[in-house]
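Since the structure comes first, as structure tokens, the remarks are kept for the end.
The values are calculated or read from the model by the stated rules, or taken from the named source; none is laboratory data. Keep in mind the model is a prediction, meaning the values are calculated, not measured. All Cβ positions, glycine included, derive from the backbone under ideal geometry; neighbour counts span all protein chains shown.
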Amino acid sequence: MIIRFGVFPAGYVSCPVYGCIDGYIQQGLEQDVVLCLLQLAASPNYGLRSAFTRGSIRGYIYLEATMNPSLVNLLKRIPGIQRESRSLRYDGVSQEDWEALLTMTDSEATPVVGEWVLISRGKYKGDLAYVSSLEDWQGVTVLLVPRIVYGNECPQSSKRKRASHRPPPRLFNPFQVPKDVHIQPAKLANEAYNYGSLRMENGLVRQSFDLHSISQGVLHMPAEVFAMFQESKHPEILAAQFPCPLEFKFEENELVLVSPTNTVGRITRLRQHEAEVALLNGEGDVSVPWVNLRKHVVLGDYVEILSGMYQGRKGFVTAALGSTVTVTEFGKDPRLPEPRTAEVDSPFCHRARTLD
């Protein structure tokens with residue numbers, strides 16, 4: 001461990017992401033790097049007092065050492081340590097941070113399999129993910145909608161803009177990868193592929209994060225992300241409980257349709273992952289997940305579209321097929337003599353209080 005009053009300064013060596021597209025090994029090998037280093041640097045010539053890693057902090061190892069040429073050259077030869085060009089990445093830890101480093105507590109987050117979490121760091125910061133498994137190094141493996149580019153889709157304006165470009169979330173499609181790019185998807189089984197260092201499953205990416213990189217308490221999910229997870233048809237996702245899409249608007253005492261039977265019911269209570277519905281056919285109360293809940297709208301209802309490209313439009317329901325309703329707007333603007341129509345999924349509309 002780091003000795004607070006030791007004569008050796010402390011520093012950390014960054015060792016993230018090897019085995020990715022550029023050939024580095026994956027995160028999670030920090031303990032292997034420490035073990036290898038302690039075995040090879042046993043001689044006093046290397047000036048290494050101690051080396052360790054925090055299980056909850058992925059991508060770093062901590063050293064108590066003099067960063068002399070012998071040790072630096074040894075570190076360059078150990079697999080798993082990232083190097084920029086021929087240099088080695090390491091930074092010092094100030095003496096006042098030594099005690100904090102040794103006494104820091106691990107994250108109090110205790111996610112469970114099946115929970116939805118928010119990624120709080122890195123490329124996927126702000127994205128929602130489904131916890132698929134817990135790892136013994138105080139991390140989680142999740143499924144989330146990937147943010148990747150195929151071929152040369154990055155902006156070409158400048159190197160800085162390309163580096164900061166954040167691809168939009170979209171399901172992975174192996175058939176959209178250009179044939180002339182170096183990285184090609186390799187099919188594993190069913191709908192699983194390896195794409196560089198990434199494992200894709202039913203269009204989603206399986207990735208690991210430490211507990212400091214996620215936050216819990218997800219109450220809502222953007223409808224666009226909700227739809228992409230549903231579209232993936234991943235077996236784990238099909239069995240998952242979803243938080244209510246942010247754009248859905250249901251109220252207690254509202255009439256709804258319960259799919260796939262299209263049974264009419266009335267909402268008695270709203271919960272995080274479902275709604276309690278009293279069925280009007282006399283079959284009692286049921287808990288209905290959001291994915292199986294639809295608005296009960298009939299021809300002639302006056303509604304407002306709550307989200308999507310038609311957000312804000314108000315009109316009359318002129319057609320309904322399954323969960324899709326057609327909203328027709330009879331505009332008062334003389335420049336728009338023809339009525340405008342829009343087809344939307346019923347949860348995205350809500351009965352308007354008054355006619356405009």
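Let me confirm something: among Val205, Val181, which residue is farther than 30 Å from Tyr60 by Cβ, in the same structural domain as Val145 (by TED's automatic domain parsing) and among the β-branched types (Val, Ile, Thr)?
Values: Val205 fails: farther than 30 Å from Tyr60 by Cβ.
That would be Val181, the only listed residue that is farther than 30 Å from Tyr60 by Cβ, in the same structural domain as Val145 (by TED's automatic domain parsing) and among the β-branched types (Val, Ile, Thr).
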Sole miss for Asn202 among (1) in contact with a strand residue (DSSP E or B) (Cβ under 7 Å, 6 or more places away or on another chain); (2) at pLDDT 90 or above is condition (1)
Search result, residues across region 207-230 that are surrounded by 20 or more Cβ atoms within 10 Å (Cβ to Cβ) and not hydrophobic (A, V, I, L, M, F, W, C) = Gln207, Asp210, Ser213
Only one of Lys249, Lys233 that is crowded, with 17+ Cβ neighbours inside 10 Å, in contact (Cβ under 8 Å) with a residue 12 or more places away in the chain and of a type in the set (Lys, Arg) | Lys249
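How about region 92-112: which of its residues are exposed (fewer than 13 other Cβ atoms within 10 Å of the Cβ) and either at pLDDT below 70 or in contact with a Ser or Thr (Cβ under 8 Å, 6 or more places away or on another chain) (or both)?
Taking region 92-112 first, the residues exposed (fewer than 13 other Cβ atoms within 10 Å of the Cβ) are 92, 94, 96, 99-100, 103-105, 108, 110, 112.
Residues satisfying the conditions are Glu96, Glu99, Ala100, Thr103, Met104, Thr105, Glu108.
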Report yes if some residue within region 301-308 is touching a residue at least 60 places away in the same chain (Cβ under 8 Å) and surrounded by 15 or more Cβ atoms within 10 Å (Cβ to Cβ); otherwise report no.
-> yes
Considering (1) modelled with pLDDT of 85 or more; (2) among the aliphatic types (A, V, I, L, M); (3) surrounded by 13 or more Cβ atoms within 10 Å (Cβ to Cβ); (4) closer than 30 Å to Gly203 by Cβ, say which one Ala278 fails and leave the rest.
-> (4)
Options Ile61, Ile57, Ile78, Ile3: the member that is at pLDDT below 60 and among the hydrophobic types (A, V, I, L, M, F, W, C) = Ile3
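State whether one or more residues within region 198-212 are part of a loop (DSSP other than H, G, I, E, B) and within 16 Å of Tyr130 (Cα to Cα). Working first, answer last.
In the first step, residues of region 198-212 are kept if they are part of a loop (DSSP other than H, G, I, E, B); the result is 202-203.
Narrowing further to those that are within 16 Å of Tyr130 (Cα to Cα): 202-203.
Within region 198-212 (the criterion being part of a loop (DSSP other than H, G, I, E, B) and within 16 Å of Tyr130 (Cα to Cα)), the answer is yes, since at least one residue qualifies.
Tell me, which residue of region 188-197 that is part of a loop (DSSP other than H, G, I, E, B) and surrounded by 15 or more Cβ atoms within 10 Å (Cβ to Cβ) is nearest to the chain's Cα centre (by Cα)?
Taking region 188-197 as the starting set, the residues that turn out to be part of a loop (DSSP other than H, G, I, E, B) are 188-191, 196-197.
If we keep only those that are surrounded by 15 or more Cβ atoms within 10 Å (Cβ to Cβ) as well, we get 191, 196-197.
Working: Glu191: 19, Gly196: 19, Ser197: 17 Å.
Filtering region 188-197 for residues that are part of a loop (DSSP other than H, G, I, E, B) and surrounded by 15 or more Cβ atoms within 10 Å (Cβ to Cβ), the one nearest to the chain's Cα centre (by Cα) comes out as Ser197.
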